[in-house]
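This report refers to the structure that appears directly beneath it.
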Amino acid sequence: MRVEVIGAGFVGVVTAVTLARFGHRVTVLDVDDRKIGKLSGGTAPFYEPGLDSLLREALASGCLDFRLFPAGLAKEAQLAMLCVGTPNDARGRTDLAQVDSAVAGLLAHGLPETIVIKSTVPVGTGRRLAKQLNDARPACRLVVNPEFLREGSALHDALHPDRIIVGVAEPAQASCLLELYRELEAPVLVTGLEEAELIKYASNAFLATRVSFINVLSRLCDHWGLDVNVVARGMGMDHRIGGQFLQAGIGFGGSCLPKDLDGLISQAAACGENVNLLRAVRWVNETQPAWVMEKIERALGGLQGKRVAAWGLSFKAGTDDRRGSPALELLGRLLEAGASVIAYDPTATGGPELPPGLQMAGSLYEPLSQADLLLVLTEWQEFQEADWDRVKSLLKGNVVLDGRNCLDPDRLATAGLTYLGVGRGRPVELRKGCFVWPPAS
Ligand code: UGA
């Protein structure tokens, strides 16, 4: 199929590379000529494991190219896929300016038969756009096909999705997407346009709810001296609940979960429905960094003049993306309270969005010397496998606060360090009493 992907961001590039791998002829268009230049040279403008090599393969195969939007739109394209950003405005409402300008560009340069919306759009957007497109070309069909790509695992998610959601006005219109994704083995759910739009918001809001739920439990576990990781494990063994997205920590971040939660809240508010459940999810997340900060303050006996070493700045491991990062939120608060902070991150090395006063280190152990406490804020493998004897010898203080509950408390205790987690109050000796029978062979 001849496909145009509009928007050379994370979703657009990952989707385009995957479609090219399936043998479709794909052109990615963007208004940013620097991005187009970089991608044409085989380098993605963001970090995503494995992407650059697939990008180069696709370029070399002749199945993929990058062009300027809208001048590069081709008359022979059969399908255009909108992968542009849909940020929220200050009131949490979705800003559709990029979607509208992509549609305007297509209308001006000749519409393909099928327009696919991959961007996350509020309920009702697809129907509005379908009408606009049909006024110009009655045979044009619009499909809402939300993406479920996690940063850091996006290629895996694109090649092995759990499901494909195809939202259409008429069931017959789904056939073009079945053809587009014929290589994928995932089940396809064909829905109405609006259901497909809501499935995307609902999925992210539900994942956010799970994280806030376990973070509330982490606060209780701290009070009662229990280990929230053990509680999450026991809950997750019920297959109706499952174990994913029950990792307590400093809160969820990124450019999707917080944005889509806010987007759903504002859509609900616009139709007068009470969504206090979702507001509570947001409240827990907004207060989690401050709650963790209190633990740090207690451990250090105050923050003024204290030196804190921090590992991890991105919103989670496996990405260099720091948008909405709870790590930055927490470090900003520590700096405001008078602590000095020196941080290391394997991919996120600098940038204007860093809190003022934050110092950056170039290697893992560099921030430790003279630090009163080490904070682990993302769950990178490199942090989990650190040499804790070396950490102990370099740190001035003795405490490691594990903001992602990803470290082995026993290993740290053996090195002579004091381990603090998020809701892992149980002393190490008692925690050892938790085991699964029969043991895994
Ligand atoms: C999320 C969704 O998982 C994707 O399915 C979706 O396609 C994507 O948003 C999107 O809308 O484009 P992503 O933003 O990459 O993907 O990040 P997640 O893996 O969902 O993590 C979000 C945040 O929750 C991170 O800060 C992570 O550290 C945190 N989290 C996640 C926890 O604190 N605990 C957990 O158990 C899981």
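Things to note:
- Filter result for the condition that a residue is buried (at least 17 other Cβ atoms within 10 Å of the Cβ), over 29 Å from the mean Cα position of the chain (by Cα) and closer than 25 Å to Phe315 by Cβ, over Val400, Val422, Val391: Val391
- Qualifying positions in the range 383-399 - closer than 14 Å to Trp311 by Cβ and part of a helix (DSSP H, G or I): Phe383, Gln384, Trp388, Arg390, Val391, Leu394
- The set of residues in the range 285-301 being crowded, with 21+ Cβ neighbours inside 10 Å and within 16 Å of the ligand (Cβ to nearest atom) consists of Asn285, Gln288, Pro289, Val292.
- Test result for Thr94, surrounded by 19 or more Cβ atoms within 10 Å (Cβ to Cβ), modelled with pLDDT under 95 and at negative phi: yes
- Residue match in the range 310-319 (condition: polar (S, T, N, Q), over 20 Å from Gly397 (Cα atoms) and open to solvent by less than 10 Å² (accessible area, probe 1.4 Å)): yes
Here's the yes/no breakdown for (1) in contact with a Lys or Arg (Cβ under 8 Å, 6 or more places away or on another chain); (2) within 16 Å of Gly263 (Cα to Cα):
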residue	(1), (2)
Cys63	yes, no
Phe69	no, no
Gly72	no, no
Ala77	yes, no
Ala90	no, yes
Thr94	no, yes
Gly110	yes, no
Glu113	yes, no
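- Taking first residues from the range 152-170 that are under 19 Å from Glu195 (Cα atoms) and partners that are aromatic (Phe, Trp, Tyr) and more than 13 Å from the ligand (Cβ to nearest atom), the Cβ contacts under 8 Å between residues at least 6 apart in sequence or on separate chains come to Ile164/Tyr181.
- When each of Ala196, Ala208, Ala202, Ala268 is tested for being under 23 Å from Thr86 (Cα atoms), free of Cβ contacts under 8 Å to residues at least 12 places away in the same chain, in a helix (DSSP H, G or I) and hydrophobic (A, V, I, L, M, F, W, C), the lone residue that passes is Ala268.
- Filter result (assigned to a strand (DSSP E or B) and over 10 Å from Leu395 (Cβ atoms)) within the range 356-382: Gln359, Met360, Leu375, Val376
- The lone criterion from (1) in a loop (DSSP other than H, G, I, E, B); (2) open to solvent by less than 40 Å² (accessible area, probe 1.4 Å); (3) within 16 Å of the ligand (Cβ to nearest atom); (4) over 30 Å from Gly225 (Cβ atoms) left unmet by Leu328 is number (1).
- When the criteria are applied in full, Ala248 fails the requirement of being touching a Ser or Thr at 6+ places or on another chain (Cβ under 8 Å), open to solvent by 20 Å² or more (accessible area, probe 1.4 Å) and of a type in the set (A, V, I, L, M).
- When the range 23-53 is filtered for residues that are closer than 16 Å to His156 by Cβ and either more than 25 Å from the chain's Cα centre (by Cα) or open to solvent by 30 Å² or more (accessible area, probe 1.4 Å) (or both), the ones remaining, listed by number, are Tyr47, Pro49, Gly50, Asp52, Ser53.
- Hey, Asp162 within 14 Å of the ligand (Cβ to nearest atom), open to solvent by less than 40 Å² (accessible area, probe 1.4 Å) and more than 25 Å from Ala102 (Cα to Cα) or not: no
The values are calculated or read from the model by the stated rules, or taken from the named source; none is laboratory data. Model, not experiment: these values are computed from the prediction. In this analysis, Cβ positions are derived from the backbone assuming ideal geometry, glycine residues included, and neighbour counts consider all displayed protein chains. The accessibility values were calculated without ligands, DNA or RNA, using every heavy atom of the protein model including side chains. Shrake-Rupley method; radii C 1.70, N 1.55, O 1.52, S 1.80 Å.
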